[in-house]
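The values are calculated or read from the model by the stated rules, or taken from the named source; none is laboratory data. Just so it is clear, the model here is predicted, and its values are computed rather than measured. Cβ: placed from backbone, ideal geometry, glycine included. Neighbour counts: every protein chain shown. Side chains are part of the model used for accessible areas, which takes the heavy atoms of the whole protein and leaves out ligands, DNA and RNA. Shrake-Rupley method; radii C 1.70, N 1.55, O 1.52, S 1.80 Å.
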Amino acid sequence: MVIAASAILLQQINDCRLCQSHLPLPPKPILQAAAPARILIAGQAPGRITHERGRPFDDVSGDRLRQWLGVTREQFYNPDLFALVPMGFCYPGTQEKNGRRQGDLPPRPECAAAWRQPLLASLPNIQLTLLLGKYAMAWHLAGNPLAKANLSQAVAAWQSLWPQMLVLPHPSPRNRLWLKQHPLFEQTLLPLLQQRVAALING
């Protein structure tokens with residue numbers, strides 16, 4: 001599902017077949033973007049469930065992310081408020097080792113190389129970018145020492161990016177241990193994040 005930013009650009013993205021031969025399923029770009037959006041969420045790539053449902057963050061992780069942001073589903077899926085633009089627009093497949101699933105493969109590199117710069121250029125009103133995952137960090141923080149930092153280091157250095165950017169842990173329930181070990185995130189950063197988001201979407 002591609003929701004309007006620039007109609008021509010998004011039609012081109014929807015028709016993209018650059019990495020078709022590397023994908024386990026037919027290409028299905030999934031993102032949300034429109035020129036008025038003020039908040040950009042830069043994730044990794046759609047998972048299998050997202051590919052099937054056709055909507056980003058339409059799962060338990062999305063529920064937690066919306067709770068972190070302090071927004072409703074209606075607000076979150078309003079493209080005039082939020083741009084949901086992963087580093088790869090299509091499900092890249094599953095990584096396996098010794099017959100066991102090891103998580104999803106990285107986003108295909110062709111996607112960001114071809115589309116990210118023109119798409120972000122069509123979103124002139126973004127005032128807050130939230131980074132989920134090392135691939136989003138590497139691209140959006142290029143030239144910044146934090147581009148190669150781990151999650152804990154990037155979160156600890158949040159003041160160097162704020163209020164334009166913030167690195168978030170993935171909202172998956174599997175990150176409960178990290179959240180427990182890093183109380184700064186929920187005690188200090190989430191209230192600030194919710195205030196910032198509220199100011200942007202209500203301003």
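How about the range 139-177: which of its residues are closer than 20 Å to R196 by Cα, open to solvent by 80 Å² or more (accessible area, probe 1.4 Å) and out of contact with any strand residue (DSSP E or B) (no Cβ under 9 Å at 6 or more places or on another chain)?
Matches in the range 139-177: Q159, S160.
Conditions first: (1) at pLDDT below 95; (2) surrounded by 11 or more Cβ atoms within 10 Å (Cβ to Cβ). L192 passes all but one, so which condition is the exception?
The single condition L192 does not satisfy is (1).
Restricting attention to the range 174-194, does a residue exist that is in contact with a helix residue (DSSP H, G or I) (Cβ under 8 Å, 6 or more places away or on another chain) and part of a loop (DSSP other than H, G, I, E, B)?
yes
State which residue is most open to solvent (accessible area, probe 1.4 Å) when the search covers only the range 83-100 and only residues that are in contact with a Lys or Arg (Cβ under 8 Å, 6 or more places away or on another chain) and of a type outside the set (A, V, I, L, M).
Out of the qualifying residues, it is Q95.
Quick check on the range 108-130. Is at least one of its residues within 23 Å of Q20 (Cβ to Cβ) and loosely packed, with under 12 Cβ neighbours inside 10 Å?
Within the range 108-130, one or more residues are within 23 Å of Q20 (Cβ to Cβ) and loosely packed, with under 12 Cβ neighbours inside 10 Å.
Please work out if L18 is closer than 16 Å to L120 by Cβ and either part of a loop (DSSP other than H, G, I, E, B) or out of contact with any Pro (no Cβ under 6 Å at 6 or more places or on another chain) (or both).
For L18, the condition - closer than 16 Å to L120 by Cβ and either part of a loop (DSSP other than H, G, I, E, B) or out of contact with any Pro (no Cβ under 6 Å at 6 or more places or on another chain) (or both) - is not met.
Only one of Q11, Q67 is open to solvent by 20 Å² or more (accessible area, probe 1.4 Å), of a type outside the set (A, V, I, L, M) and at pLDDT below 95; which?
After applying the criteria, what remains is Q11.
Go through the residues of the range 92-103 one by one and say whether even a single one is touching a helix residue (DSSP H, G or I) at 6+ places or on another chain (Cβ under 6 Å) and modelled with pLDDT of 95 or more.
no
Can you list residue pairs whose Cβ atoms sit under 6 Å apart, with the first residue in the range 104-116 being closer than 14 Å to P29 by Cα and the second being among the hydroxyl-bearing types (S, T, Y) and buried (at least 16 other Cβ atoms within 10 Å of the Cβ)? Count only pairs 6 or more apart in sequence or on different chains.
Pairs that qualify, where the first residue is closer than 14 Å to P29 by Cα and the partner is among the hydroxyl-bearing types (S, T, Y) and buried (at least 16 other Cβ atoms within 10 Å of the Cβ), are P107/Y135.
Checking the condition surrounded by 14 or more Cβ atoms within 10 Å (Cβ to Cβ), modelled with pLDDT of 95 or more and touching a Leu at 6+ places or on another chain (Cβ under 7 Å), which residue from A5, A37 passes?
Just a single option satisfies the conditions, and that option is A37.
Just checking, how many residues over the range 24-36 are out of contact with any strand residue (DSSP E or B) (no Cβ under 9 Å at 6 or more places or on another chain) and either in contact (Cβ under 8 Å) with a residue 12 or more places away in the chain or assigned to a helix (DSSP H, G or I) (or both)?
Residues meeting the conditions: 5.
Name the residue that is farthest from S21 (Cα to Cα), counting only residues in the range 68-90 that are without any contact (Cβ under 8 Å) to a residue 40 or more places away in the chain and in contact with a helix residue (DSSP H, G or I) (Cβ under 9 Å, 6 or more places away or on another chain).
Checking each candidate, the answer is T72.
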